[in-house]
Structure formats: C-alpha cells, structure tokens
1. Treating each Cα of the range 85-156 as an identical point scatterer and ignoring solvent, apply the Debye formula and state log10 I(q)/I(0) at q = 0.20, 0.23 Å⁻¹.
2. According to a simple spin-label model (label point 7 Å from Cα along Cα-to-Cβ), what is the distance in nm between residue 218 and residue 99?
3. If you bin every alpha carbon distance in the range 188-252 into 5 Å steps from zero, what whole percent lands in each bin?
4. Compare the peptides 318-324, 278-284, 397-403 by average per-residue count of other Cβ atoms within 10 angstrom and give them in order, highest first.
5. Averaging over all projection directions, find the projected area of the Cα convex hull of the range 193-310 and quote it in nm² with one decimal place.
6. Between the alpha-carbon centers of the range 203-270 and the range 432-467, tell me the distance in whole angstrom.
7. Quick one: of the DSSP bridges fully inside the range 85-156, what percent are antiparallel, nearest 5?
8. So how far apart, in nm, are the two label points at residue 262 and residue 553 if each is 7 Å from Cα heading toward Cβ?
C-alpha cells in the first residue's frame, strides 16, 4: 500500500483520536487541520513527559562519595624464607559477625608455612573484607604454639564505636559493624540537598576494632531560587519560555528536598496563545530507600488557521507520581537500584469550547525497573531499564471511541556514558534511549525524536510513535577556565528512528542532525547556553497531507540563560 493510499485510513484514525463525529461535522475541520492540531497536542503532551523525566533524573543525580578502600595501619609482612611449620588445621574465630567466612585461608592446610606465608593469608582475609566495605576489620594471629600443626586466626570485626560531629559534639553511639558502603550511602543522603556538604573520617576508638565516625557537615542557605529563559517553546503556544524554581532543603530536618517550579510563555498575548505549567516535587532519602512525590498541572492554548475559519484549541492536564526506590547493591565502582512508581494522569482538550471527548483521558500507569551507575575506567555510565503498564484502576478511563489501549505495556531503556578522550582535553558524552510497545499508546507515553533533548536539528517538528530509539553523541572541549569564568564548546551528531504505525507514517522513519554549541559559566551562578543545529535527514511528506511533513527551517538555534541564587 503506497503513502497516498494510506490517507483515508490515517485521517479516520486522527479523527477518532481528536474529535467526536458531531464536533467534526459542526466545525468542518479538514484532515489537514486535524493533523496539525493533533501534532500540536502531541507536542504539548510529550514535552510534559520529557520535563517530568528530566526532573526525575536531576533528583537522582547525587555527588558520588567513594572513600579509600583501606583504613588503619598496614600489616607487617616478614621477609620470605625462614623456618616453616606443617599446618594440619586452622581454627578461624570472629567471622561469625559477618554473613560469610573469608576465602582462601584454608590453602595453608597441608603446607609447610613460613611467617611470610601466614602473613600473606592474613592480608588475603583483610582484603576480602575490605572489598565488602569492612575496611577496619582485621585478621590477627594470636600468640600460640603451632608446633602441633594447629593454627589459630582471630578476626576482630571493625565496629562503629560512635559518631561525633566535627565540633567534637557527640552524636548517637552505634556498635554496628563498620561498613564503608553504608557510610558512603549515609553521606550521600546527607549531601542530597543542594545546600549540604558533608564529609567523614575515621578516628581510632577506645576498644579493639572500634572507630569513631567524625562527620563534618557544612550547611549553606537552605533555600534557593533559579530563573531560566530560553526559546524551547513551540511556535503555536509561544517560543520564549520562562521558568522560576524555588527550592527548600531539609525543611523537616530529614535531608528532604522540596522543589516548586513555574513555567510560562511570558511574552505572548494570553487570548491568542500560551503554555503554563506548575510542578511540586518532594523527596526523602531514608537509609537505602528513597521516597519521592511529584505533582504538576499544565494549561495551553493555540489557534490553528483553517481554510474558512480559525480553530481555538485548549488543553489542561494534571498528574501525580509516587515513587519508591531502594539501593540493592553498591561497591567501589557500581550501584544498582530497584524502583517502582504509580502515576495518575488526567487530560482534557477542547476546540472552539467543544470538548473532544475522545481526548478526555484518565490514566493510571505503574512502572517497575532497575537503574544503575558504574565507573568504567575514567568513564561514568548511568543506565535505566523499566516496564510500564496501563492499569484499569484508581478511576482510569478512556472513552470507548478512542483507539488508545488503556491496558498498554511498554519497555523503556536509557544509557548515558561520559569519558575523557585520552589526554586531548576533550570529553565524550553519549545517550542511547529507546522504547518498545505493541500497543497504541496515549500521547504522554509515546516516544518522540526531534528536539534539543533528543535528535538536535529540529524544533517545531518531531516524529512520534509507540516504538523508537535515538543516539546522541557529543564531544565537549573546555576552551577556557578561570576561577570565576568558564567556556565550554561542544559538537554533536544525533540519529533517531521511529517505527511507523497505522495512525502515523512519513516518507522516512528516521532523523539525523548535527549541532555546534557553547556554554558560558560565570561565577557558578550565571549559565549562558547557545547552540545551532542542522537537520541532515528528515521526511519530506506524510499522509494524509501533501504538504511537507517538516515545514520548519533545516537550521535552528537555541539560547538559554539561567540565573541561580
């Protein structure tokens, strides 16, 4: 079937999504106008989802705390040689405090061991526990006579004798096993708020194996303000966007974070077009757990000029996301988390004050997934893979005439990798993101490519679908750096693909673009971002329209000014 022969099918699909039959006949909306209106609505919905995911990634980003693997004095290793003793058995004591006994120490049995051989086994035991994070745990050989072939090894578990603040003020005593990984996690929770900066060091205790944890925390002003202006808005609702963000750290004295953001198109005539949104995000770390709540609402309005009349489209949406995350594993180079969230989303759309009943959506979406962070050489990898499912619960409802699958299923993945390129002074940053689904998804769950956060070189026009993938490649160069002034240059090449569906097809299903940019940072408070991008490959037409699918220029620019107080 050719592209032109798909026109009727696509038009009918769009009509089913956008308008009731009564509204279509009353307003006389042509298939071409329907497609333009549908694309504008989809832009608003997908941008809302992108902003939610960006806030979530920012909340997940924490300064890594990785301490030295060793602590305390090094074990004295005797020189090789000397008398040896036949080892027939080894009595190991003290390991019961741990989940497992160390490996390798039984290799001495059946050998004639020198003092150096025994010291090497003690080092192996100490290394075994250090790799698990028990950096103050030590293995010793007590005074004994091993002429009978029996060797006794005692493990003294390193324990937390207590906590003290850097001022010397005592905190609460513990007595637990001292595990570096637990200390790192606790310190990351302390440092989670933007205004906090904490460090710790080990101080020898008063009992064998005991240590005091001295915690130094410097709290800055607990609140902050951010202002940002950029041209990431759409032509339909307003190009220039302004965002104000207020943050409050440690409001409950629990390392919690509160963030309130307001975004609007401040320079538009409100009666013609606008796009407004507000979001409230609150997070609380508790040990290995993280709890987060995100609430938001948005409104938009735009006018589409038809053949005989103009059509005023208005939309409103609200959402609530509740998320729980738990640390499953961490070592010196990696961390793995499991998460689950529940999202409630409500949307309404109208054209010329007539509600589009097929666009009235009440969605309940559940997610389960894993995410992780790893250090690979000098590089850093962040990855996330998750499953999403639409649920018929908590008031979920989609009109019968809608073609959307309420009980949809999808798989999402994302990987971000950055690494210096040798000694060139350049840094590579790459992002691979994708989604797969066999269902017809609501707009907020569709995958989009084409924009400053996906495939650069596109702004007002994008490709959307239920299944897709994109790859972003960026090379950065620190062009200039002074104590209060920094300039970074960057160049990018991006590729993306969207699987065509019965409702939406183009003359090609992929995009490609290149970009050049510069970031200017002044006094760590003012950031100016400038980018220019060019579309290398894009569709020329799409059904049912005979007009080009991408009407915007092939070269687009982006400017952002951010002020932090």
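Only the coordinates and a few stated rules stand behind these numbers; no lab work does. This one's a predicted model, so the numbers in the text were calculated from it and none came from an experiment. All Cβ positions, even for glycine, are placed from backbone atoms using ideal geometry, and neighbour counts span all protein chains on display.
1. For the range 85-156 at q = 0.20, 0.23 Å⁻¹, log10 I(q)/I(0) is -0.79, -1.02.
2. So the two model labels end up 3.7 nm from each other.
3. In order of increasing distance, the bins hold 4, 13, 14, 11, 11, 10, 10, 8, 5, 4, 3, 3, 2, 1, 0 percent.
4. Top to bottom by mean Cβ count within 10 Å: 278-284, 318-324, 397-403.
5. Over every viewing direction, the Cα hull of the range 193-310 projects on average to 11.1 nm².
6. Result: 28 Å between the Cα centres.
7. Roughly 50 percent of the DSSP beta bridges within the range 85-156 come out antiparallel.
8. Placing both labels 7 Å beyond Cα along the Cβ direction yields 3.3 nm.
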